[in-house]
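Since the structure comes first, as structure tokens, the remarks are kept for the end.
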Amino acid sequence: MTSQAFDSRIGATLEGANGSIKVTAEGSVGGLEFFDTNQTARPLNLADPSRPTLIEDLVAPDKPNSNMSNAHAEVGVIQQAYEAGVTQGADMSIVVRGQEPLCSYCSSNVWDMATRAEL
């Protein structure tokens with residue numbers, strides 16, 4: 001894993017979000033760029049608890065990454081690319097920046113998301 005430059009958006013609050021940005025994830029696949037944040041910094045219109053992630057059946061409902069209200073940035077960025085229809089058989093790079101290390105949930109959930117998205 002290579003250290004990346006600090007993201008200037010860390011600490012900012014996006015319009016419609018409940019909290020400030022602590023983690024960002026930028027994904028690139030098929031020539032398209034995707035961006036997401038930690039769950040509390042995601043604007044409420046994108047943090048929909050009724051919008052499941054690809055791995056909702058693998059994650060307990062009260063744990064991170066089961067839906068877009070509690071999804072961490074890494075999972076959210078893969079979900080966006082999948083919903084855009086660009087993941088099947090593609091390669092995706094993701095750069096994660098922020099104040100938090102990759103958590104234990106995401107260390108396994110990112111692999112599961114990539115598998116389900118057919119990356």
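The values are calculated or read from the model by the stated rules, or taken from the named source; none is laboratory data. Not measured: the values here are computed from a predicted model. Note that each Cβ is placed from the backbone with ideal geometry, even for glycine, and that neighbours are counted across all protein chains shown. Accessible surface is based on the protein model in full, side chains and every heavy atom, while ligands, DNA and RNA are left aside. Shrake-Rupley method; radii C 1.70, N 1.55, O 1.52, S 1.80 Å.
A few notes on this one:
- Residue count, the range 54-100 (criterion: touching a residue at least 60 places away in the same chain (Cβ under 8 Å), more than 21 Å from VAL23 (Cα to Cα) and among the charged types (D, E, K, R)): 1
- Residue count for the range 57-91, restricted to those that are among the polar types (S, T, N, Q) and assigned to a loop (DSSP other than H, G, I, E, B): 6
- Residues being open to solvent by less than 10 Å² (accessible area, probe 1.4 Å), over 19 Å from ASN67 (Cα atoms) and part of a loop (DSSP other than H, G, I, E, B) - total across the range 18-30: 0
- Residues satisfying the stated conditions in the range 77-91, i.e. closer than 15 Å to CYS106 by Cβ and either of a type in the set (Lys, Arg) or open to solvent by 30 Å² or more (accessible area, probe 1.4 Å) (or both): none
- PRO43 more than 14 Å from ARG97 (Cα to Cα) and either at pLDDT below 95 or open to solvent by 80 Å² or more (accessible area, probe 1.4 Å) (or both): yes
- Checking PHE6 against (1) modelled with pLDDT of 95 or more; (2) in a loop (DSSP other than H, G, I, E, B); (3) aromatic (Phe, Trp, Tyr), the condition it does not meet: (1)
- ILE94 passes every criterion in (1) assigned to a loop (DSSP other than H, G, I, E, B); (2) of a type in the set (A, V, I, L, M, F, W, C); (3) within 16 Å of GLY27 (Cβ to Cβ) apart from (1).
- Among the candidates GLU100, GLU33, GLU15, GLU74, residue that is open to solvent by 30 Å² or more (accessible area, probe 1.4 Å), acidic (Asp, Glu) and within 20 Å of LEU119 (Cβ to Cβ): GLU33
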